[in-house]
Amino acid sequence: MNKLIKNISCIILLAVAASCNSSKKNDGTATDSITVEHKLGKAQVVASPSHIVVFDIGALETLDQLGIPVAGVPKDNIPDHLIKYKNNEAVANVGSVKEPNYEKINALNPDLILISSRQEKFYDELNKIAPTVFVGVDDKDYMTSFRKNTLLIGQLVGKEAEAKSKLDAIDEKLKTAQGQLKGDDHKALIILHNNGRFSAYGKGSRFGFIHDVLGVKPAQEQLEVAIHGQKISNEFIAETNPDYLFIIDRNAVVAGKAGNKSEIENKLIQQTNAYKNGKLIYLNPQIWYLSGGGITSTDMMIDEIIKALK
């Protein structure tokens, strides 16, 4: 009889333990996990990760908008609108966007790492430390990949509804902007300035958002689509003769000092319709060069172009 009672007691205890474990999982504790697919593979991530390392600045923007804290970022590459992460001692500096510091990342014991194209070659090593998810934007299809990444991040951190709400607001703003720009037949050229040299970017490029998403007509249809753009001369710009000339000054963010304006606005540039009509438009490199692909920068990019073309 005593043996029977002991057996029944054991069964009850096991049942209670199983019930508790099940309850913990349903509450979204560390025992829960989700599996997601991304460009570089699959990742099994703990539900509601609490130690996130972020290398993609767009993803950092999205986490910021969703109110999710992070454990580590590449502090040397933080744009001004996210400066609080650079100044926060509770957020670790985990290297640069081009060179992760594995020792510092390991010390954080992260449960999720978010990367984009600049860290793609480090994926295998980072994935050994913690589940690593690629959330880089696709320049050839910006809005589709931006929406997908935003919802994916929302799913990973348990903020899907909030992420969708943020996207809905962007979509409304974009619809209004596209309506305002519709019918504008002026043509634009987008250039990156770097120490007196220029590269041009067109449709499908890292700055192609202006053409592909907002619908601003390109002054050149056959530009090479490359990560560093198509190298061009002052003569090329003058011959293209854009109505709008969008300028992104790399020097301003890399060297911390804007390029020589007289060097940029040289005699050949002054021959363009853009210069003559006051449409040399200096875009904020903090947004366009350092960031992009996140909720904040996408919102700011729309605002900046609409304001410039009023």
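Some observations on this one:
- Verdict on Tyr102 being outside the structural domain of Glu224 (by TED's automatic domain parsing) and touching a Leu at 6+ places or on another chain (Cβ under 9 Å): yes
- Pairs where the first residue, in region 135-164, is touching a residue at least 12 places away in the same chain (Cβ under 8 Å) and the second is among the aromatic types (Phe, Trp, Tyr) and part of a helix (DSSP H, G or I), C-beta under 6 Å, 6+ apart: Val137/Phe146; Tyr142/Phe209
- Considering region 104-152, the residues that are of a type in the set (S, T, N, Q) and under 18 Å from the mean Cα position of the chain (by Cα) include one that is surrounded by the fewest Cβ atoms within 10 Å (Cβ to Cβ), namely Thr144.
- Only one of Asp184, Asp243, Asp212 that is of a type in the set (Asp, Glu), in contact (Cβ under 8 Å) with a residue 40 or more places away in the chain, touching a strand residue (DSSP E or B) at 6+ places or on another chain (Cβ under 6 Å) and in the same structural domain as Ser297 (by TED's automatic domain parsing): Asp243
- Helices (runs of 4 or more DSSP H) contained in region 75-134 and holding at least 1 residues modelled with pLDDT of 95 or more and either closer than 26 Å to Lys42 by Cβ or in contact with a Phe, Trp or Tyr (Cβ under 6 Å, 6 or more places away or on another chain) (or both): 102-108, 123-129
- Filter pass, Leu192 being in contact with a Phe, Trp or Tyr (Cβ under 8 Å, 6 or more places away or on another chain), in a loop (DSSP other than H, G, I, E, B) and either assigned by TED's automatic domain parsing to the domain that holds Asn241 or aromatic (Phe, Trp, Tyr) (or both): no
- Some residue of region 85-98 being touching a residue at least 40 places away in the same chain (Cβ under 8 Å) and within 15 Å of the chain's Cα centre (by Cα): yes
- Some residue of region 45-68 being without any contact (Cβ under 8 Å) to a residue 24 or more places away in the chain and touching a strand residue (DSSP E or B) at 6+ places or on another chain (Cβ under 9 Å): no
A quick yes/no check of all residues on (1) small (Gly, Ala, Ser); (2) touching an Asp or Glu at 6+ places or on another chain (Cβ under 6 Å); (3) within 21 Å of Lys148 (Cβ to Cβ); (4) part of a loop (DSSP other than H, G, I, E, B):
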residue	(1), (2), (3), (4)
Lys173	no, no, yes, no
Arg206	no, yes, yes, yes
Gln220	no, no, no, yes
Pro242	no, no, no, yes
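- Residue match in region 198-205 (condition: among the basic types (Lys, Arg), under 23 Å from the mean Cα position of the chain (by Cα) and modelled with pLDDT of 95 or more): yes
- Just so you know, in region 244-288 the residues that are over 14 Å from Leu192 (Cβ atoms) and either in contact with a Cys (Cβ under 9 Å, 6 or more places away or on another chain) or among the hydroxyl-bearing types (Ser, Thr, Tyr) (or both) include one that is surrounded by the most Cβ atoms within 10 Å (Cβ to Cβ), and it is Tyr244.
- When Ala161 is tested against the conditions (1) closer than 30 Å to Val45 by Cα; (2) within 19 Å of the chain's Cα centre (by Cα), the lone failure is (2).
The values are calculated or read from the model by the stated rules, or taken from the named source; none is laboratory data. This one's a predicted model, so the numbers in the text were calculated from it and none came from an experiment. Cβ: placed from backbone, ideal geometry, glycine included. Neighbour counts: every protein chain shown.
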